[in-house]
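The structure under discussion appears below in the form of structure tokens.
The values are calculated or read from the model by the stated rules, or taken from the named source; none is laboratory data. Everything numeric in this text was worked out from a predicted model, so none of it was measured. FYI the Cβ positions are ideal-geometry reconstructions off the backbone, even for glycines, and counts take in every protein chain you see. Heads up: the accessible areas ignore ligands, DNA and RNA and are worked out on the full protein's heavy atoms, side chains in. Shrake-Rupley method; radii C 1.70, N 1.55, O 1.52, S 1.80 Å.
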Amino acid sequence: MSNLVKRITGKSIWVNILAAIGILVVLLILFFSSLGWLTGYGKVEKVPSVTGQNVLAAQQILQAKGFDVVIQDSLYIDSIPKQAVIRQSPEADATVKSGRAIYLTVNRSIPPQVEMPNMAGFSIRSAEMYLRSLGLKLGEVTYKPDIARNSVLEQYYNGAQVTAGTKIPLGSTISFVLGSGVGGSDIPVPDLVGMTLLEARTYLATVNVNIGSIVATDAIKDSAAAFIVKQSPTVLSDVLGPTGQKVPNKIRQGQVMDIYISSIAPVRDSTAAQPPVNH
């Protein structure tokens, strides 16, 4: 033993250094040669498509290929089956290292609940946009007499009227009853002849009748101060009543009247039978 020590220590120090370096190189070569075996380096797999499949079936397919499966998120989409895979990452046909994790987003079994808002007074277009923002759908639209034309009067879910704050499933269908723009009862046609246009607008607003066409019969500088000389419908119809007088015409709230205006006030026939002036 002492002779071996003497031979080693008797050698040049550079010989010892070179020997140590050689051993280190051999160890590094062995380490990197086994690295691929230890880490699975070089073994790759193509990711199969599992989008649209039930999550259990998707897990079996991916695990059979050697992948780990992680349920990353869940959403609710009523147009696809419950528990179906919505998205996968990495995507289908991507080439990745064997054994890596595949992340799945799954469709929920039970839809989340949302609060039904009070949509009375909304226009139908605004109501539909609001429903979409909440994840709800527009259903049947019906009308009933009301001067609030195309405005929401009532809201229904599953055939029953639904109040604001009621919890309903996401994706539910909401039906509306809208105003037809016409009132439910008839009123006598207002007598506008002789009024200025400004006076007529003010009066018609009180009885919920609208002005339709405005026809000028001469040159007019100030339409608001112009006089109404003719209207349609007229105050009296051509039908004679039991007393031989013309029967008053009727109009519904929300309907329109066409008027003819002039810079000159009309001359009314005081001898003609007129209904009571309603302005």
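In segment 169-279, what percent of the accessible surface is made up of carbon and sulfur (1.4 Å probe, ligands and nucleic acids excluded)?
On the way: 3460 of 6150 Å².
Carbon-and-sulfur percentage of accessible area, whole number: 56.
Of the options Gly184, Asn118, Ala92, report the single residue whose Cα projects farthest towards the positive end of the charge dipole of segment 77-207 (beta-carbon charges: Lys, Arg +1; Asp, Glu -1).
Ala92
Can you list residues whose amide H is under 5 Å from Gln53's amide H, if they're 5+ apart or on another chain and H is modeled 1.01 Å from N?
Residues meeting the criterion, in which the H sits 1.01 Å from N, are Val85.
Out of residues 5 or more away from Ile251 or on other chains, whose amide H comes under 5 Å of its own, with H placed 1.01 Å from N in the peptide plane?
Amide H to amide H, under 5 Å and 5 or more residues apart or across chains, Ile251 pairs with Ile187, Val189.
Carbon-plus-sulfur fraction of the accessible area of segment 36-153, 1.4 Å probe, in percent?
50
With the cut-off at 30 Å, tell me which of the pairs Lys82/Lys167; Lys221/Lys250; Lys82/Lys137 have Cα atoms farther apart than that.
Distance filter (> 30 Å) returns Lys221/Lys250.
Ser263: net charge of surrounding residues, Cβ under 9 Å, Lys/Arg +1, Asp/Glu -1, itself excluded? Working shown, then result.
Details: positive: Lys221; negative: Asp218, Asp222.
Taking every other residue near Ser263 into account, the sum is -1.
With +1 on the Cβ of every Lys and Arg and -1 on the Cβ of every Asp and Glu, and nothing else charged, how large is the dipole of segment 42-84 about its Cα centre, in debye rounded to the nearest 20? Can you show the working numbers first?
Numbers: 4 positive and 4 negative charges, 40 e Å.
So the dipole magnitude of segment 42-84 works out to roughly 200 debye.
Dipole size in debye (nearest 20) for segment 140-217 around its Cα centre, Lys and Arg Cβ +1, Asp and Glu Cβ -1?
Numbers: 4 positive and 6 negative charges, 53 e Å.
The calculation lands at about 260 debye.
Counting residues in segment 35-178 as N, plug N into 2.2 N^0.38 Å and put the Cα Rg over that result. Walk me through the intermediate numbers first.
Numbers: Rg = 23.0 Å, N = 144, 2.2 N^0.38 = 14.5 Å.
Cα Rg divided by the expected 2.2 N^0.38 Å: 1.58.
Across every pair of different alpha-carbon atoms, what Kirkwood hydrodynamic radius in Å does segment 145-246 reach?
Details: mean 1/r = 0.0564 Å⁻¹.
Its Kirkwood hydrodynamic radius stands at 17.7 Å.
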